[in-house]
Amino acid sequence: MKTILQIVLLFLFSFHFCSLHGQNRKADSLALLLSQHQKTDTIRVKLLNNLGYSLYLTNTDTVKVLAEETLSLSEHLDYDRGKARSLRLMGLHYDMKANYPLALDFYQRSLTISEKIDNKKGISDCLNSIGVIYSDQENYKQAEEYYVKALEIFQELDDKRGESFTLNNLGVIYYEQMNLEKALEYFKRSLVIDKELGIKGGVAIGLNNIGEVYRDTGEYDSALTYLNNALELTIEIKDIYGQSYLYKDLASVYYLQKNYKQALEYAELSLEYALYNDYFDIQKDVYLQLSKIHAALNNYKKAYNNHVVHKRLNDSIYNEKNLEKTIGLEYHYKYKKEREEARLLQEEELKRQKLIRNSLIVGIILLLIFIIIIVRGWIQKSRINKLLSQKTENIQNKSLQLQEQNEEIQQLYEELSAANEVLFTQKEELEKHRNNLESLVKERTMELERAKDKAEESDRLKSAFLANMSHEIRTPLNAIIGFSDLLADPDIDQQTKNELHSNINHSNETLLKLIDDIFDIAKIESGQLSIKKEHIAVSDLLGKLIPVYEDKKEKMGKSDISITICQSNKDLVLYTDPFRLQQIFINLIDNALKFTESGFVEVSCDKDKFDGHKVVFFVKDSGIGMNQKQIDYIFDRFIKLEENTTKIYRGAGLGLAISKNIVELLGGELWVESEIGKGSTFYFSIPV
C-alpha cells in the first residue's frame, strides 16, 4: 500500500493534475515561463516549486535540484511560504527514494514553517506526508493521529481533494492492520469524492485499493475487475508508477488463483517499470512475489536469488537505524517545538513584567507633575482672586452706566425691528405679486401659443378638407355627367346602358352619402343632431346588413374578403336610436372594407366586456393596421391615412369622427386597437 500513498501525495501536491501526461505539458509550460522570468523574486520561487511538483514522479533527480534551488532562493528572499513548499518537495524526493529519516526531517521542517505562518493547507499536506512515513514503518497509531488531524483541516477548508486523499490513507492503515471492513468503507468514501470531482488518478487509486481488499477476502473475480479497471485508468493518464504497482497487484491475484504463468508475466512487467524508474519499494515487493512464483514452479534457484534481492532491498529500507532515526526525529521536533513554546512564554512574561515596571515609573512621575501643577495653580489663584476683587468693584460701577446705555439701545433696537418687520412684510408682498404676475404672463403666453397652434392646425385641416371635398364632390358629379352623355348615344346596346345606369346610381349614392356626412358633421358642431330612441332587436338590424355588404364587396372588387356578421345573441334588445346605430355599423364596416385588400371583416358583440349596463360591439379587419401616432388622431375631423400609405384611399375623412360623436350622444364610447400589418379592431359601447 506504500505506493498508493505516494500516488496520493502526487495528486495532493502537484496542483491537482489529472495525469502524468498533463503534468508533462504543465512542466513544459512552467519551464518556458521560468526561462522568460529570470528575476529573483517570489514569482520565480512559485514557478520553480510548481515545476518540481509537476516532475514529482517522472524525474526525481531533477526534483531534488529544483527543490534545493527554490529553498536557497526562498531563504535569500525570506519567503516563508516558498521555504515550506520547497522543504516539502525535498521530503517527497527522499520519500520516493525510501530514505524515510531524511524525508521526515524535511516534512517536519516544512510543518514548523507552515504552523508559524498559519498556512492551514501547508499544515494539512505535511501532516498527511508524515502519516505516510509512519504508516510505511508500521507505526499505525502514530500515522492515524496525523491523518485525523489532516482530515479535520481539509474538512474545515472544504478541500474535497485533500479529504479524499486522507480518507484513502486512513483506509490504508486499517488495511495494514487487517481491519478490512473498515478499510473498504474508507476506500469507498474516497472513491465517491474522486468520482464526483472527476479525478481519474484518484479513482484509479480507489479502485486499486478496493481490489486489494477483495483479493485478501478471497473474492478474486471482484478483485480482478477492480484492478483491471484501475489499470485502464493509469494507462489512460500515463501514470507509470501506478501501472507498475497494478501489474504487481494483478500478479498477486493470479498467484493466489495458482495461475502462475499469468502471475509471472505481470510480475516481470511490474519489475521492468520499477527498475527503469528506481521505484525501490515496488522492486522490494516484486522480488518477493517472483521468489514465491518461481518456488511454485519448482524453479528453486530463481526463487532463492529473487528472495536474496528482496531481503537486501528490505534491509536497506527498513533497517533498525532508519527506525531509530525516524523516531528520534519525531521526538527531536516535539522537544524543539515545546522548547520554542516555552521560550515564547518566557519572553511574554518578561515583556509583561517590564511593562508593569515601566507603567509604575511613569505613574509616579505623572503624580509628581500633578502635585506641582496643583501647588502652582493655588498660588496663581490667590493672586488672581485679589486682583479680581479690585476689578469687581470697578466693573460694578461701570455696569450701572452700561445698563442705562443698554436700555436706551434696547429701545432703539425695538423701534428698528418694528420698522424692519414692516419693510420685510412689504417686500414679501411685492415678491409674491411679482411671482404671480410672472406666472400669469407665462400661463397666458402658453395658452396663446396653444391657441395659435390649434388655429393653424384647424386652418390646415380645413384647407385639406375643402380641397378633398372639392375632389370628392367633383368625382361623382363628373361620373354622372359623363355616363349621362354616353346614354344619349343611340348606338349603344341595352347591356351597356344597364351598366351606365348602374354606374350613375353608384355615383349618386356616393355623392348623397358625402352630402349626408357633411350635414351630420354640421349638425354635430351646432348641437342640432337629434337622437330618437326606441327598443330594437340588434339581430334584425345586423341581418339587414348582410346582403348589402355581400353585394357591395362584389362591386368593390373584393369578393375574396370574408365578411362575418355574427348574430349569436338574437335576444339582445337595446333602447337606442336604430338609424344612428346602423349608421355607426355602416361607417365602421365601410372603413374596414376600404383598408382591407384580402382576409376578413368580422362584426360581432364582445360578450366578455358586457357588464350588464352596456353592450360592446366590435368591427375587426385584417387590413393594413395603424401605428400609435395614427391611432391618436384617427377620430379627428378631416383626418385621412394617405400621409403614411403608398395607396390613395377615397373618402372625406368624416366617417369615424361622425361615428365617435354619435356613439357619445348615445351614451357610449368608441375606441380602436391596431398594429401595423395585423389589422384593426374598432370597439364601441352602447347602453342597454
- prompt: How do LEU388, LEU297, LEU654 line up, fewest other C-beta atoms within 10 Å first?
  reply: LEU388, LEU297, LEU654
field: Value of Rg to Rh for region 530-687 (Rh from inverse mean 1/r over Cα pairs, i.e. Kirkwood)
entry: 0.95
- prompt: DSSP beta bridges in region 530-687, what fraction antiparallel, as a percent rounded to 5?
  reply: 85 percent
- line: Note, region 106-120: 3J(HN,Hα) by Karplus (6.51, -1.76, 1.60, θ = phi - 60°), whole Hz, Gly/Pro = x, goes 5, 4, 5, 5, 5, 4, 4, 5, 4, 5, 5, 8, 6, 8, 5
message: Taking amide H atoms as placed 1.01 Å from N in the peptide plane, list the residues 5 or more away in sequence, or in a different chain, whose amide H sits under 5 Å from that of TYR279.
response: none
- line: Quick calc: nm separation of the 7 Å Cα→Cβ label points for GLU152 and HIS613 -> 7.9 nm
- request: Return LYS523, LYS442, LYS97 ranked ascending by Cβ neighbour count within 10 Å, so the fewest neighbours appear first.
  value: LYS442, LYS523, LYS97
field: Cα-based convex hull volume of region 201-290 per residue, rounded to whole Å³
entry: 79 Å³
message: Need the full-extension length gain, HIS37 to SER559, defined as separation in residues times 0.36 nm minus the C-alpha distance. One decimal, nm.
response: 179.4 nm
field: Table column - 3J(HN,Hα) (Hz), region 280-291, Karplus curve with 6.51, -1.76, 1.60, x for Gly and Pro
entry: 5, 5, 5, 3, 4, 5, 5, 4, 5, 4, 4, 4
- line: Convex hull around the C-alpha positions of region 510-558: the volume in Å³ per residue is 107 Å³
statement: The rounded separation in angstrom of the Cα centers of region 235-250 and region 505-572 is 95 Å
- prompt: Amide H to amide H, which residues 5 or more places from ASP606 or on other chains are under 5 Å from it, using H placed in the peptide plane?
  reply: VAL616, PHE617, PHE618
query: If r is the Cβ-Cβ distance from GLU138 to LEU77 and R0 is 45 Å, what FRET efficiency results, to the nearest 0.05?
result: 0.65
query: Across every pair of different alpha-carbon atoms, what Kirkwood hydrodynamic radius in Å does region 358-461 reach?
result: 22.8 Å
task: Quickly work out the ASP636-to-ARG357 label distance, labels modelled 7 Å from Cα along the C-beta direction, and quote it in nm with one decimal.
output: 10.1 nm
field: Built amide H within the under 5 Å cut-off of PHE600, gap 5+
entry: SER562, SER622
- prompt: Short version: ³J(HN,Hα) in whole Hz for each residue of region 203-214, in order, from phi by Karplus 6.51 cos²θ - 1.76 cosθ + 1.60 (θ = phi - 60°), x for Gly and Pro, what are they?
  reply: 4, 4, 4, x, 4, 4, 5, 5, x, 5, 4, 5
message: At a 10 Å Cβ-Cβ cut-off, how would you order ILE473, ILE563, ILE130, fewest neighbours first?
response: ILE473, ILE563, ILE130
message: Could you tell me the extents of region 117-218's C-alpha atoms along the three principal axes, largest first, rounded to whole Å?
response: 49, 32, 17
- line: Computed over all unlike Cα pairs, the Kirkwood hydrodynamic radius of region 2-238 in Å stands at 18.0 Å
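FYI, it's all coordinate maths here, none of it is from the lab. Note that this is a predicted model, so its numbers are computed, not measured. Methodologically, a virtual Cβ is constructed for each residue, glycine included, from the backbone with ideal geometry; neighbour enumeration extends over all protein chains shown.
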